[in-house]
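Report on one structure; see the data block that follows.
Each reported figure results from applying straightforward, stated rules to the coordinates on display, with no laboratory input. Values in this document were obtained by computation on a predicted structure and should not be read as measured data. All Cβ positions, glycine included, derive from the backbone under ideal geometry; neighbour counts span all protein chains shown.
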Amino acid sequence: MQNTLTSIFCSGDALRSRRVSDVVLTGTLDVPAPSARLAADWSREIASNMNLEAGDVEVMPLARARARWPEYSHCVQAVSDWTGALGLAGVLAASDVALMACRGARYHHDAAQYGGAAFCNLFMSDDKGMDLYFPALDRRIALRRGTVVIFDTGQPHGVIPRGSSVFKTADFAPDGDNVQIFLTWELSIEDSRVTQALEVTFDIEPAAVLQQLDEEQVRLNGETVTLCPESGRWCRTE
């Protein structure tokens with residue numbers, strides 16, 4: 001039997017169900033490297049103001065970065081052009097954007113908080129031998145400057161060394177060159193353009209099931225599950 005992942009997410013004041021998409025859209029864009037000044041500012045921020053441990057994904061100050069980043073608009077335009085070519089014209093401008101940093105990433109999904117969204121990420125760091133990996137799909141994307149990807153927040157993913165399939169804390173030592181910086185946009189999964197691009201189907205759980213639930217979550221074949229952060233495998237919630 002095919003495993004069916006379902007996201008239970010907030011739509012307005014109510015919970016709604018949808019199929020978690022298996023579609024991952026990706027490309028490589030020609031974006032300029034961050035300046036030495038900007039890269040140094042990012043390094044200072046991580047070293048001085050953040051406790052970025054192995055596997056963590058944390059928010060960086062975007063407003064300060066933009067003041068030191070004259071090429072920021074070029075990067076945004078490149079992603080806008082790419083999404084437009086996919087039939088998503090105008091979606092990016094209507095979406096919230098953030099600047100993020102990760103020192104690798106444990107396997108996780110984001111649908112417990114962002115179940116009503118897909119993520120669009122543009123990676124700004126040079127190739128450091130790391131991949132964005134979707135274990136349930138066995139889909140691996142090499143991370144380098146200009147890598148862009150759109151995926152369902154309910155789809156498990158992690159950032160791991162190239163050639164590996166498990167997350168290990170020891171692979172991301174604090175003194176190693178292993179931090180990825182990326183821009184991320186939250187695309188509304190209920191936007192018809194996003195729905196079509198990711199082939200999402202809504203309202204697949206009976207209303208009676210939703211009445212028993214009180215929070216956003218991901219369910220596998222109708223059961224509440226948790227994700228192993230090291231292996232990326234689903235485990236039944238007791």
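Structure data summary
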| item | result |
| --- | --- |
| Ala94 versus Asp22: modelled label distance in nm, points set 7 Å from Cα along the beta carbon direction | 2.9 |
| Choice from Arg19, Arg106, Arg44 showing the highest fluctuation, given a GNM over the chain with Cα pairs closer than 10 Å | Arg44 |
| Neighbourhood net charge (11 Å Cβ-Cβ; Lys/Arg +1, Asp/Glu -1) for Lys168 | -1 |
| Ascending count of other beta-carbon atoms within 10 Å, so fewest first, for Met124, Met60, Met50 | Met50, Met60, Met124 |
| Nearest 10 degrees, 0 to 90: helix 72-85 Cα axis against the chain principal axis | 40 |
| FRET efficiency, His108 to Ser48 (Cβ-Cβ, R0 30 Å, nearest 0.05) | 0.70 |
| Inter-probe distance in nm under a simple model that places probes 7 Å from Cα toward Cβ, at Ala67 and Arg140 | 4.2 |
| The chain: calculated mean residue ellipticity at 222 nm from DSSP helix runs of at least 4, using -39500 (n - 2.57) | -5500 deg cm²/dmol |
| Isotropic mean projected area of the C-alpha convex hull, segment 99-156 (nm²) | 4.0 |
| Inter-label distance, nm, simple model (7 Å from Cα along the C-beta direction), Ala14/Ala33 | 5.3 |
| Acute angle (nearest 10 degrees) that the helix 36-49 long axis makes with the longest principal axis of the chain, alpha-carbon atoms | 60 |
| Ranked list, fewest to most other Cβ atoms within 10 Å of each Cβ, for His109, His74 | His74, His109 |
| Whole-angstrom Cα spans of segment 99-238 along principal axes, big to small | 51, 37, 23 |
| Net charge, Ser95 excluded, C-beta distance under 13 Å - Lys, Arg +1, Asp, Glu -1 | -3 |
| Ascending count of other beta-carbon atoms within 10 Å, so fewest first, for Asp41, Asp214, Asp13 | Asp13, Asp214, Asp41 |
| Kirkwood-based shape ratio for segment 23-198, expressed as Rg/Rh from alpha carbons | 0.94 |
